[in-house]
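Everything on this sheet refers to the single structure shown next.
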Amino acid sequence: MIIDGKKIAAKLREDLKKKIIELKSTFNSVPGLTVILIGEDPASKIYVKNKERFAKEVGINSELIRYPENIEEKVVLDKIKELNQNKKVSGILVQLPLPKHIDKKKVIETILPNKDVDGFHPVNVGNLSSGYESNVPCTPLGCYLLLKQVENNLSGKHAIIIGRSNLNGKPMAQLLLKENCTVTIAHSKTKDLKAECIKADIIVAAVGKPKLVKADWVKKNAIIIDVGINKTDTGIVGDVDFEEVSKVARAITPVPGGVGPMTIACLLSNTLECFKRANS
Ligand code: NAP
(Lines give C-alpha, C1' and ligand atoms only; values in the text may rest on other atoms or scores of the structure.)
Protein backbone atom coordinates (compact mmCIF):
# COMPACT_ATOMS: atom_id res chain seq x y z
CA MET A 1 0.00 0.00 0.00
CA ILE A 2 1.31 3.40 -0.98
CA ILE A 3 0.17 5.95 1.59
CA ASP A 4 -1.19 8.84 -0.45
CA GLY A 5 -0.28 11.88 1.62
CA LYS A 6 -1.55 14.25 -1.05
CA LYS A 7 -5.03 12.76 -0.94
CA ILE A 8 -5.15 12.50 2.86
CA ALA A 9 -3.93 16.10 3.23
CA ALA A 10 -6.57 17.30 0.74
CA LYS A 11 -9.27 15.54 2.79
CA LEU A 12 -7.92 17.11 6.00
CA ARG A 13 -8.05 20.57 4.41
CA GLU A 14 -11.57 19.92 3.18
CA ASP A 15 -12.65 19.01 6.73
CA LEU A 16 -10.92 22.11 8.12
CA LYS A 17 -12.72 24.29 5.60
CA LYS A 18 -16.09 22.96 6.74
CA LYS A 19 -15.23 23.43 10.42
CA ILE A 20 -14.09 27.00 9.79
CA ILE A 21 -17.37 27.83 8.01
CA GLU A 22 -19.27 26.47 11.04
CA LEU A 23 -17.11 28.41 13.50
CA LYS A 24 -17.51 31.59 11.49
CA SER A 25 -21.25 31.51 12.04
CA THR A 26 -20.74 30.91 15.79
CA PHE A 27 -17.96 33.41 16.54
CA ASN A 28 -18.38 35.80 13.63
CA SER A 29 -14.64 35.52 13.04
CA VAL A 30 -12.17 33.11 11.48
CA PRO A 31 -8.71 31.88 12.56
CA GLY A 32 -5.77 34.12 11.65
CA LEU A 33 -2.26 32.95 10.84
CA THR A 34 0.67 35.36 10.71
CA VAL A 35 3.89 34.16 9.12
CA ILE A 36 7.14 36.07 9.56
CA LEU A 37 9.73 35.53 6.84
CA ILE A 38 13.23 36.95 7.22
CA GLY A 39 15.61 37.11 4.27
CA GLU A 40 15.51 35.61 0.82
CA ASP A 41 16.07 31.86 1.30
CA PRO A 42 14.45 30.38 -1.85
CA ALA A 43 13.12 27.21 -0.13
CA SER A 44 11.62 29.28 2.71
CA LYS A 45 9.93 31.57 0.19
CA ILE A 46 8.28 28.57 -1.49
CA TYR A 47 7.15 27.08 1.86
CA VAL A 48 5.67 30.38 2.96
CA LYS A 49 3.89 30.90 -0.35
CA ASN A 50 2.30 27.44 -0.06
CA LYS A 51 1.31 28.06 3.56
CA GLU A 52 -0.45 31.29 2.52
CA ARG A 53 -2.17 29.63 -0.44
CA PHE A 54 -3.57 26.71 1.57
CA ALA A 55 -4.50 28.92 4.53
CA LYS A 56 -6.62 31.07 2.22
CA GLU A 57 -8.12 27.98 0.60
CA VAL A 58 -9.52 26.73 3.93
CA GLY A 59 -10.74 30.16 5.04
CA ILE A 60 -7.92 31.14 7.44
CA ASN A 61 -6.94 34.81 7.38
CA SER A 62 -3.33 34.69 6.42
CA GLU A 63 -0.84 37.52 6.78
CA LEU A 64 2.81 37.57 5.73
CA ILE A 65 5.32 39.90 7.36
CA ARG A 66 8.64 40.12 5.56
CA TYR A 67 11.93 41.49 6.85
CA PRO A 68 15.31 41.85 5.13
CA GLU A 69 18.14 39.48 6.09
CA ASN A 70 19.86 42.17 8.22
CA ILE A 71 16.82 43.06 10.34
CA GLU A 72 17.59 43.70 14.02
CA GLU A 73 16.53 40.92 16.37
CA LYS A 74 14.70 43.43 18.57
CA VAL A 75 12.40 44.47 15.72
CA VAL A 76 11.35 40.86 15.21
CA LEU A 77 10.83 40.22 18.94
CA ASP A 78 8.78 43.42 19.29
CA LYS A 79 6.61 42.42 16.34
CA ILE A 80 5.98 38.99 17.91
CA LYS A 81 4.99 40.67 21.21
CA GLU A 82 2.57 42.90 19.30
CA LEU A 83 1.07 39.86 17.49
CA ASN A 84 0.76 38.03 20.83
CA GLN A 85 -1.67 40.78 21.93
CA ASN A 86 -3.63 40.87 18.67
CA LYS A 87 -6.91 38.97 19.09
CA LYS A 88 -7.25 38.51 15.32
CA VAL A 89 -4.03 36.48 15.25
CA SER A 90 -4.61 32.89 16.37
CA GLY A 91 -1.25 31.53 15.28
CA ILE A 92 2.25 32.93 14.74
CA LEU A 93 4.92 31.16 12.72
CA VAL A 94 8.45 32.41 12.20
CA GLN A 95 9.88 30.61 9.19
CA LEU A 96 13.16 28.83 9.94
CA PRO A 97 16.08 28.92 9.34
CA LEU A 98 16.83 32.39 10.71
CA PRO A 99 19.83 34.58 9.89
CA LYS A 100 22.78 33.82 12.24
CA HIS A 101 22.49 37.08 14.23
CA ILE A 102 18.94 36.23 15.33
CA ASP A 103 18.62 33.89 18.32
CA LYS A 104 16.17 31.12 17.36
CA LYS A 105 15.55 30.17 21.00
CA LYS A 106 14.63 33.75 21.92
CA VAL A 107 12.29 34.00 18.93
CA ILE A 108 10.52 30.73 19.77
CA GLU A 109 10.19 31.62 23.45
CA THR A 110 8.72 35.05 22.66
CA ILE A 111 5.74 33.52 20.85
CA LEU A 112 2.88 32.87 23.28
CA PRO A 113 2.58 29.06 23.71
CA ASN A 114 -1.10 29.31 22.77
CA LYS A 115 -0.18 30.94 19.45
CA ASP A 116 2.83 28.73 18.74
CA VAL A 117 1.40 26.82 15.76
CA ASP A 118 4.76 25.11 15.15
CA GLY A 119 4.72 23.54 18.62
CA PHE A 120 8.34 24.53 19.27
CA HIS A 121 7.84 26.58 22.47
CA PRO A 122 9.26 24.77 25.56
CA VAL A 123 5.79 24.87 27.15
CA ASN A 124 4.34 22.95 24.20
CA VAL A 125 7.31 20.58 24.11
CA GLY A 126 6.89 19.93 27.85
CA ASN A 127 3.15 19.43 27.58
CA LEU A 128 3.59 16.97 24.73
CA SER A 129 6.17 14.94 26.64
CA SER A 130 3.95 15.00 29.75
CA GLY A 131 1.06 13.66 27.70
CA TYR A 132 -0.99 16.85 28.06
CA GLU A 133 -2.80 18.79 25.36
CA SER A 134 -0.34 20.86 23.32
CA ASN A 135 0.45 22.21 19.90
CA VAL A 136 2.38 19.44 18.17
CA PRO A 137 5.05 20.16 15.51
CA CYS A 138 3.40 19.89 12.11
CA THR A 139 5.56 17.27 10.36
CA PRO A 140 5.43 14.62 13.12
CA LEU A 141 1.74 15.33 13.56
CA GLY A 142 1.31 14.65 9.83
CA CYS A 143 3.31 11.39 10.13
CA TYR A 144 1.15 10.34 13.06
CA LEU A 145 -2.08 10.98 11.12
CA LEU A 146 -0.75 8.97 8.16
CA LEU A 147 0.13 6.07 10.45
CA LYS A 148 -3.35 6.15 11.98
CA GLN A 149 -4.82 5.86 8.48
CA VAL A 150 -3.02 2.55 8.03
CA GLU A 151 -3.49 1.16 11.53
CA ASN A 152 -5.77 2.80 14.05
CA ASN A 153 -4.57 0.74 17.01
CA LEU A 154 -0.83 1.22 17.38
CA SER A 155 -0.69 -0.11 20.93
CA GLY A 156 2.17 -2.54 21.57
CA LYS A 157 3.82 -1.93 18.19
CA HIS A 158 7.57 -1.59 18.13
CA ALA A 159 8.44 1.69 16.42
CA ILE A 160 11.87 2.96 15.51
CA ILE A 161 12.40 6.62 14.76
CA ILE A 162 15.60 7.39 12.94
CA GLY A 163 16.61 10.94 13.83
CA ARG A 164 16.29 12.83 17.11
CA SER A 165 15.73 16.43 16.01
CA ASN A 166 13.42 18.72 17.98
CA LEU A 167 11.56 19.28 14.74
CA ASN A 168 10.84 15.64 13.87
CA GLY A 169 12.34 12.73 15.79
CA LYS A 170 11.69 13.73 19.41
CA PRO A 171 8.05 14.87 19.02
CA MET A 172 7.35 11.80 16.86
CA ALA A 173 8.64 9.59 19.68
CA GLN A 174 6.31 11.32 22.16
CA LEU A 175 3.29 10.87 19.86
CA LEU A 176 3.99 7.16 19.48
CA LEU A 177 4.64 6.67 23.20
CA LYS A 178 1.24 8.22 23.82
CA GLU A 179 -0.18 5.55 21.51
CA ASN A 180 1.50 2.86 23.67
CA CYS A 181 4.13 1.94 21.11
CA THR A 182 7.50 0.68 22.29
CA VAL A 183 9.77 3.36 20.89
CA THR A 184 13.42 3.24 19.88
CA ILE A 185 15.08 6.50 18.88
CA ALA A 186 18.10 6.04 16.64
CA HIS A 187 20.65 8.68 15.62
CA SER A 188 24.06 9.08 14.06
CA LYS A 189 25.78 7.31 16.97
CA THR A 190 23.48 4.26 16.92
CA LYS A 191 25.75 1.20 16.65
CA ASP A 192 23.84 -1.18 14.37
CA LEU A 193 20.95 0.65 12.74
CA LYS A 194 19.99 -2.27 10.50
CA ALA A 195 19.67 -4.59 13.52
CA GLU A 196 17.45 -2.01 15.28
CA CYS A 197 15.27 -1.42 12.21
CA ILE A 198 14.61 -5.04 11.43
CA LYS A 199 12.86 -5.51 14.80
CA ALA A 200 10.41 -2.69 14.12
CA ASP A 201 6.75 -2.81 13.09
CA ILE A 202 6.95 0.90 12.26
CA ILE A 203 9.91 2.82 10.86
CA VAL A 204 9.88 6.61 10.77
CA ALA A 205 12.93 7.91 8.93
CA ALA A 206 13.76 11.58 9.57
CA VAL A 207 17.44 11.76 8.78
CA GLY A 208 18.25 13.63 5.59
CA LYS A 209 20.29 10.83 3.99
CA PRO A 210 19.09 9.62 0.56
CA LYS A 211 17.84 6.00 0.52
CA LEU A 212 19.49 5.16 3.85
CA VAL A 213 16.89 2.53 4.79
CA LYS A 214 17.28 -0.58 2.64
CA ALA A 215 14.89 -3.46 1.97
CA ASP A 216 16.89 -5.92 4.10
CA TRP A 217 16.55 -3.54 7.11
CA VAL A 218 12.79 -3.91 7.02
CA LYS A 219 10.63 -6.54 8.69
CA LYS A 220 7.97 -8.02 6.40
CA ASN A 221 4.72 -6.03 6.65
CA ALA A 222 6.28 -3.10 8.51
CA ILE A 223 4.81 0.38 8.05
CA ILE A 224 7.28 2.92 6.71
CA ILE A 225 6.98 6.69 7.07
CA ASP A 226 9.64 8.59 5.14
CA VAL A 227 10.15 12.18 6.29
CA GLY A 228 13.35 12.79 4.35
CA ILE A 229 13.56 15.26 1.50
CA ASN A 230 16.88 14.91 -0.29
CA LYS A 231 17.86 16.60 -3.52
CA THR A 232 19.90 14.25 -5.73
CA ASP A 233 21.01 14.28 -9.36
CA THR A 234 18.03 12.09 -10.18
CA GLY A 235 15.49 14.29 -8.35
CA ILE A 236 14.00 14.44 -4.85
CA VAL A 237 14.26 11.20 -2.86
CA GLY A 238 13.47 10.22 0.71
CA ASP A 239 15.53 8.53 3.42
CA VAL A 240 14.12 5.17 2.36
CA ASP A 241 14.92 3.16 -0.76
CA PHE A 242 11.30 3.34 -1.89
CA GLU A 243 11.53 1.04 -4.87
CA GLU A 244 13.02 -1.89 -2.92
CA VAL A 245 11.41 -1.29 0.49
CA SER A 246 7.91 -1.03 -1.01
CA LYS A 247 8.25 -4.71 -2.02
CA VAL A 248 8.62 -5.76 1.64
CA ALA A 249 6.60 -3.18 3.56
CA ARG A 250 2.90 -3.35 4.29
CA ALA A 251 2.52 0.39 3.71
CA ILE A 252 4.93 3.15 2.76
CA THR A 253 4.87 6.89 2.09
CA PRO A 254 6.33 8.05 -1.23
CA VAL A 255 8.64 11.06 -1.56
CA PRO A 256 7.34 13.40 -2.78
CA GLY A 257 3.62 13.03 -2.07
CA GLY A 258 3.74 11.39 1.36
CA VAL A 259 4.61 13.33 4.51
CA GLY A 260 5.27 16.66 2.75
CA PRO A 261 1.64 17.62 1.94
CA MET A 262 0.58 16.70 5.49
CA THR A 263 2.91 19.25 7.08
CA ILE A 264 1.02 22.31 5.80
CA ALA A 265 -2.37 20.68 6.41
CA CYS A 266 -1.33 20.12 10.05
CA LEU A 267 -0.17 23.72 10.34
CA LEU A 268 -3.68 24.81 9.32
CA SER A 269 -5.17 22.32 11.76
CA ASN A 270 -2.97 23.70 14.57
CA THR A 271 -4.10 27.24 13.69
CA LEU A 272 -7.72 26.17 13.98
CA GLU A 273 -7.03 24.50 17.36
CA CYS A 274 -5.38 27.71 18.64
CA PHE A 275 -8.42 29.71 17.49
CA LYS A 276 -10.82 27.31 19.21
CA ARG A 277 -8.87 27.40 22.47
CA ALA A 278 -8.68 31.21 22.39
CA ASN A 279 -12.45 31.39 21.94
CA SER A 280 -13.42 28.70 24.43
P1 NAP B 1 18.27 17.10 11.40
O2 NAP B 1 17.93 18.13 12.39
O3 NAP B 1 19.47 17.25 10.55
O4 NAP B 1 18.36 15.70 12.17
C5 NAP B 1 18.79 14.55 11.51
C6 NAP B 1 18.84 13.42 12.50
O7 NAP B 1 19.29 12.26 11.81
C8 NAP B 1 19.82 13.66 13.66
O9 NAP B 1 19.23 13.25 14.86
C10 NAP B 1 21.02 12.79 13.30
O11 NAP B 1 21.67 12.23 14.43
C12 NAP B 1 20.36 11.66 12.55
N13 NAP B 1 21.28 11.01 11.63
C14 NAP B 1 22.13 11.58 10.75
N15 NAP B 1 22.81 10.63 10.07
C16 NAP B 1 22.41 9.45 10.55
C17 NAP B 1 22.72 8.10 10.25
N18 NAP B 1 23.63 7.79 9.31
N19 NAP B 1 22.10 7.13 10.93
C20 NAP B 1 21.18 7.42 11.87
N21 NAP B 1 20.81 8.67 12.20
C22 NAP B 1 21.42 9.67 11.53
O23 NAP B 1 17.07 16.85 10.36
P24 NAP B 1 15.49 17.15 10.47
O25 NAP B 1 15.26 18.61 10.48
O26 NAP B 1 14.85 16.30 11.50
O27 NAP B 1 15.05 16.63 9.01
C28 NAP B 1 15.26 15.29 8.63
C29 NAP B 1 14.83 15.13 7.17
O30 NAP B 1 13.44 15.44 7.07
C31 NAP B 1 15.53 16.07 6.19
O32 NAP B 1 15.69 15.38 4.97
C33 NAP B 1 14.53 17.19 6.00
O34 NAP B 1 14.65 17.82 4.75
C35 NAP B 1 13.24 16.44 6.08
N36 NAP B 1 12.06 17.23 6.50
C37 NAP B 1 10.90 16.99 5.87
C38 NAP B 1 9.76 17.68 6.23
C39 NAP B 1 8.49 17.37 5.50
O40 NAP B 1 7.55 18.15 5.57
N41 NAP B 1 8.40 16.23 4.84
C42 NAP B 1 9.80 18.62 7.24
C43 NAP B 1 10.99 18.82 7.91
C44 NAP B 1 12.12 18.12 7.54
P45 NAP B 1 22.47 13.14 15.51
O46 NAP B 1 21.41 13.74 16.38
O47 NAP B 1 23.33 12.16 16.23
O48 NAP B 1 23.24 14.16 14.73
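The values are calculated or read from the model by the stated rules, or taken from the named source; none is laboratory data. Remember, it's a predicted structure, so these values are computed and weren't measured experimentally. Cβ sites come from the backbone with ideal geometry, for glycine too, and all protein chains shown count toward neighbours. We work out accessible area using only protein heavy atoms, side chains counted, and drop any ligands, DNA or RNA first. Shrake-Rupley method; radii C 1.70, N 1.55, O 1.52, S 1.80 Å.
Full-extension gain between Tyr67 and Lys199, please, as 0.36 nm times their residue separation minus the C-alpha to C-alpha distance. Walk me through the intermediate numbers first.
Details: separation 132, 0.36 × 132 = 47.52 nm, distance 4.77 nm.
Extending this stretch completely gives an extra 42.8 nm.
What's the ranking of 259-270, 40-51 by average number of surrounding C-beta atoms within 10 Å, highest first? Kindly include the intermediate steps, with their values, before the conclusion.
Values: 259-270: 24.7, 40-51: 14.8.
Ranking the peptides 259-270, 40-51 by packing returns 259-270, 40-51.
With θ set to phi - 60°, apply the Karplus curve 6.51 cos²θ - 1.76 cosθ + 1.60 along segment 245-251 and write out the HN-Hα couplings as whole Hz, x wherever there is a Gly or Pro.
Result, ordered by residue: 5, 5, 6, 9, 6, 6, 8 Hz.
Calculate, in nm to one decimal, what Glu244 and Lys7 gain on full extension: separation in residues at 0.36 nm each, minus their alpha carbon distance. Could you put the intermediate results ahead of the total?
Numbers: separation 237, 0.36 × 237 = 85.32 nm, distance 2.33 nm.
This chain segment gains 83.0 nm when fully extended.
How fast does the chain diffuse by Stokes-Einstein, in µm²/s, taking the Kirkwood radius from C-alpha pairs at 37 °C and 0.692 mPa s? Don't skip to the end; give the middle numbers.
Details: Rh = 19.4 Å.
This corresponds to a translational diffusion coefficient of 169 µm²/s.
Out of segment 126-195, which GluC sites (Glu not before Pro) are coil in DSSP terms and have no more than 11 other C-beta atoms within 10 Å? Show your work: numbers first, answer last.
Numbers: sites: Glu133, Glu151, Glu179; in loops: Glu133, Glu151, Glu179.
Passing sites in segment 126-195 are Glu133.
Highest GNM mean-square fluctuation, the chain, Cα pairs closer than 10 Å: which of Thr34, Thr139, Thr26?
Of Thr34, Thr139, Thr26, the Gaussian network model singles out Thr26 as fluctuating most.
Using a probe of 1.4 angstrom, how much of the accessible area of the chain is carbon and sulfur, in percent?
Working: 7340 of 14030 Å².
For the chain, the apolar C and S fraction of the accessible surface comes to 52 percent.
So how many Å³ per residue does the convex hull of the Cα atoms of segment 138-260 work out to? It would help to have the intermediate numbers written out before the result.
Values: hull volume 11.4 nm³, N = 123.
Per-residue hull volume (Cα only) is 93 Å³.
Take the Cα pairs of segment 28-113, get the Kirkwood Rh, then feed it into Stokes-Einstein at 10 °C and 1.306 mPa s and tell me D in µm²/s. Spell out each step's value before the answer.
Details: Rh = 13.3 Å.
Diffusion coefficient, whole number: 119 µm²/s.
How far is it, in nm, from the label point at Lys219 to the one at Ile21 when both lie 7 Å from their Cα along the line to the Cβ?
Placing both labels 7 Å beyond Cα along the Cβ direction yields 4.4 nm.
Report the GluC sites (Glu not before Pro) located in segment 43-97 that are in a DSSP loop and have at most 13 other Cβ atoms inside 10 Å of their Cβ, or state none. Walk me through the intermediate numbers first.
Details: sites: Glu52, Glu57, Glu63, Glu69, Glu72, Glu73, Glu82; in loops: Glu69, Glu72.
Counting only loop positions with at most 13 other Cβ atoms within 10 Å, the GluC sites (Glu not before Pro) in segment 43-97 are Glu69, Glu72.
Can you give me the pair-distance distribution of segment 60-187, C-alpha pairs, 5 Å bins, whole percents?
2, 10, 18, 20, 17, 13, 10, 7, 4, 1
Tell me, what does the Kirkwood hydrodynamic radius of segment 143-185 come to in angstroms if you use every pair of distinct C-alpha atoms? All intermediate terms of the calculation are to be shown ahead of the outcome.
On the way: mean 1/r = 0.0973 Å⁻¹.
In segment 143-185 this quantity evaluates to 10.3 Å.
Can you check what the net charge comes to around Ile185, using other residues whose Cβ is under 14 Å from the Cβ of Ile185 (Lys, Arg +1; Asp, Glu -1)?
On the way: positive: Arg164, Lys170, Lys189, Lys191, Lys199; negative: Glu196.
Spelling it out: positives minus negatives among the neighbours equals +4.
Can you work out the accessible area per residue across the chain, with the rest of the protein chains kept in place, probe 1.4 Å, in square angstrom?
With all protein chains present, the chain gives 50 Å² per residue.
Of all trypsin sites (Lys or Arg not before Pro) in segment 68-112, which ones are in loop regions per DSSP and have a Cβ with at most 16 other Cβ atoms within 10 Å? The partial results should precede the final answer.
Values: sites: Lys74, Lys79, Lys81, Lys87, Lys88, Lys100, Lys104, Lys105, Lys106; in loops: Lys87, Lys88, Lys100.
For trypsin sites (Lys or Arg not before Pro) across segment 68-112 that sit outside H, G, I, E and B with at most 16 neighbouring Cβ atoms in 10 Å, the list reads Lys87, Lys88, Lys100.
With label points built 7 Å along Cα→Cβ from the Cα atoms of Glu109 and Ser155, find their separation and express it in nm.
Result: 4.0 nm between the two label points.
Take every DSSP beta bridge whose two residues both sit in segment 28-113, then give the antiparallel share in percent to the nearest 5. Please list the in-between numbers first.
Values: 0 of 11 bridges.
Approximately 0 percent, going by the DSSP bridge assignments.
Excluding Cys274 itself, what net charge comes from residues whose Cβ is under 14 Å from its Cβ, given Lys and Arg +1 and Asp and Glu -1?
Working: positive: Lys19, Lys87, Lys88, Lys115, Lys276, Arg277; negative: Asp116, Asp118, Glu133, Glu273.
So the surrounding residues net to +2.
Excluding Asp103 itself, calculate the net charge of residues whose Cβ lies under 13 Å from the Cβ of Asp103, where each Lys or Arg counts +1 and each Asp or Glu counts -1.
On the way: positive: Lys74, Lys100, Lys104, Lys105, Lys106; negative: Glu72, Glu73, Glu109.
Summing Lys and Arg as +1 and Asp and Glu as -1 gives +2.
Taking R0 as 41 Å, what FRET efficiency do you get between Asn279 and Lys191 from their Cβ-Cβ distance, rounded to the nearest 0.05? Working shown, then result.
Working: r = 50 Å, r/R0 = 1.22.
E(calc), rounded to 0.05, equals 0.25.
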